[in-house]
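Step one of this worksheet: look at the structure below.
Throughout, read-outs are computed from the coordinates displayed, never taken from laboratory work. The model shown is predicted, which means the values in this text are computed figures rather than measured ones. Reconstructed Cβ throughout: ideal geometry from the backbone, glycine too, with neighbour counts over all protein chains shown.
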Amino acid sequence: MERVFNFSAGPSMLPLEVLEKAGKEMTNYNGCGMSVMEMSHRSKEFDQIIKEAEQLFRELMKIPDNYKVLFLQGGGSTQFAMVPLNLMRKSKKADYIVTGQWAKKAMQEAKKFGDIKVTATSEPDVYTYIPKVSKEDFREDADYVYITMNNTIYGTTYPYIPDTGDIPLVADMSSNILSQEYDISKFGLIFAGAQKNIGPAGLVVTAIREDLIGFAGPEVPTMLNYKTQADNDSLYNTPPTYSIYFAKLVFEWVKKMGGVGAMYQRNLRKAKKLYQAIDDSKLFRCPVNPEDRSLMNVVFVTGDETLDKKFVAEAKAAGLVNLGGHRTVGGMRASIYNAMPEEGVDALIAFMAKFEKENR
Ligand SMILES: *Cc1c(COP(=O)(O)O)cnc(C)c1O
């Protein structure tokens, strides 16, 4: 079978040339006679890989010098616990904006560790928009404010970075990392599970402002303490070596494509034409507030569940796979991360037009 256009929300499509390069280097990396998977994490070869990965990530995301970049394990969900365990430094209070299931899960996890306030939520409207908040909405003594920058399931994204004043802002960027440029200095901590825009699942990349490190209590497990990870340059224990190597290949690819700014222009083009096709259609509609629409996860419905299922099945037969919405919301979702080529979006738009004609 030929490769398909994979619209999965995650794990998701990766650039073919990256997969091929990893394939070529699988059994013998750089002439050293072994796979990266077989290599000591203390070897000089791996030391170079992890240093280059960090350097590239810093360059691509313009991470300021006073931030540590960490390669951790346990996916995005482990950060839901690490954030409160480490960042509840004084009042043990944190304010959360709940814009979807991932934000809600993070909020519920944090409740185990401190006093959590939901500052705003779009749950009553099925998370179809991003609430507007301002500095005055947050508790003055909150240790941090938490947001999910891009809501993978509901197809929304923040069109702005909330102003939290002096309160550190924490952002889950799992599904929008490397997709557009952000002023990282506005955040105290960002993290991203790798399986959407970076590489293999399990790995999570975190950037944390240095002055926020070192506040975890003695009861916090060693591995869940950012200080352990920062002091040991992510090598306290055996890190997910192959995933870090793979992430490095993806970072190299993003750089070769022109960097995150160029990626953003391409993502804008892809998303714009897909939303345009949905808005112009008489069969499909997008439930998301136009100004909050995600460039990465495009959600749409026909309004008829049976027809939605038919669409997903027929699209699959046409080589456009994983277009079903999240199991909890149904409908359709096209995840068009960095690695989805423009031709994939064009093929989807053409298929939608054909389906509409046949099912009017
Ligand atoms: C996928 C996703 C997660 C969960 O990541 P895991 O690696 O499965 O724990 C968290 N947040 C967002 C925004 C996601 O898209």
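Looking at Gly258, Val18, Met173, which one has the Cα that reaches farthest to the positive end of the dipole of the chain (charges on Cβ: Lys, Arg +1; Asp, Glu -1)?
Selected residue: Val18.
Step by step: find N for the range 238-279, compute 2.2 N^0.38 Å, then divide the Cα radius of gyration by it. What's the final number?
1.65
Give the residue from Asn6, Phe351, Ser185 lying farthest towards the positive end of the charge dipole for the chain; charges sit on Cβ (+1 for Lys and Arg, -1 for Asp and Glu) and the dipole is referred to the Cα centre.
Phe351
Viscosity 1.002 mPa s, temperature 20 °C: Stokes-Einstein D of the range 70-130 from its Kirkwood Cα radius, in µm² per second? Walk me through the intermediate numbers first.
Values: Rh = 12.2 Å.
Rounded, D is 175 µm²/s.
Would you kindly give the portion of the calculated P(r) for the range 1-66 that falls above 16 Å, as a percent of all Cα pairs?
Values: 1392 of 2145 pairs.
Here the tail beyond 16 Å accounts for 65 percent of pairs.
For Lys272 and Val126, compute 0.36 nm times the residue count separating them, minus their Cα-Cα distance, and round to one decimal in nm.
Additional length available on full extension: 50.3 nm.
Once label points are set 7 Å from the Cα along Cα→Cβ at both Glu343 and Lys51, what is their separation, rounded to one decimal in nm?
3.9 nm
Label Lys135 and Met34 with points 7 Å out from Cα along Cα→Cβ: what is the distance between them in nm?
5.5 nm
Quick one: among Ala317, Ala247, Ala334, which has the greatest mean-square fluctuation in a GNM of the chain with alpha-carbon springs under 10 angstrom?
Ala317
May I ask you to give the average projected area over all directions of the convex hull of the Cα atoms of the range 41-93, in nm² rounded to one decimal?
About 5.3 nm², averaged over all directions.
Using r as the Cβ-Cβ distance of Lys112 and Asp183, and R0 as 35 Å, what FRET efficiency do you calculate, to the nearest 0.05?
On the way: r = 31 Å, r/R0 = 0.90.
That pair, Lys112 with Asp183, gives E of 0.65.
Place a +1 charge on the Cβ of each Lys and Arg in the chain and a -1 charge on the Cβ of each Asp and Glu, then give the dipole magnitude about the Cα centre in debye, rounded to the nearest 20.
480 debye
Across the range 259-358, what fraction of all alpha-carbon pairs, as a whole percent, falls in each successive 10 Å bin from zero upward?
Per 10 Å bin, starting at 0, the Cα pair percentages come out as 15, 53, 28, 4, 0.
Two-decimal Rg/Rh of the range 110-246 from alpha-carbon positions, Kirkwood Rh?
Reported Rg/Rh (Cα atoms, Kirkwood Rh): 0.97.
Compute the relative contact order of the chain as a whole-number percentage, counting only Cα pairs closer than 8 Å that sit 6 or more residues apart in sequence.
Once divided by the residue count of the chain, the mean separation gives 23 percent.
By how many nm would the segment from Asn289 to Lys62 grow when fully extended, if each residue of separation counts as 0.36 nm and the alpha-carbon distance is taken off?
78.8 nm
Using +1 at the Cβ of each Lys and Arg and -1 at the Cβ of each Asp and Glu in the chain, identify which of Ala313, Leu235, Gly202 lies farthest towards the dipole's positive end.
Ala313
Loop only per DSSP, at most 10 neighbouring Cβ atoms within 10 Å: give me the trypsin sites (Lys or Arg not before Pro) in the range 54-107, ordered by residue number. Walk me through the intermediate numbers first.
Details: sites: Arg58, Lys62, Lys68, Arg89, Lys90, Lys92, Lys93, Lys104, Lys105; in loops: Lys62, Arg89, Lys90, Lys92.
For trypsin sites (Lys or Arg not before Pro) across the range 54-107 that sit outside H, G, I, E and B with at most 10 neighbouring Cβ atoms in 10 Å, the list reads Lys90.
For the residue pair Val4 and Lys227, what label-to-label distance in nm results when each label sits 7 Å from Cα along the Cα-to-beta-carbon direction?
4.9 nm
Quick check: convex hull over the Cα atoms of the range 188-321, volume per residue in Å³, rounded to an integer?
Convex hull of Cα atoms, per residue: 195 Å³.
Can you check how the C-alpha radius of gyration of the range 17-256 compares to 2.2 N^0.38 Å, as a plain ratio?
Its radius of gyration relative to the 2.2 N^0.38 Å reference: 1.03.
What dipole magnitude, in Debye to the nearest 20, does the range 74-200 give about its Cα centre under +1 on Lys/Arg Cβ and -1 on Asp/Glu Cβ?
The dipole of the range 74-200 has a size of about 400 debye.
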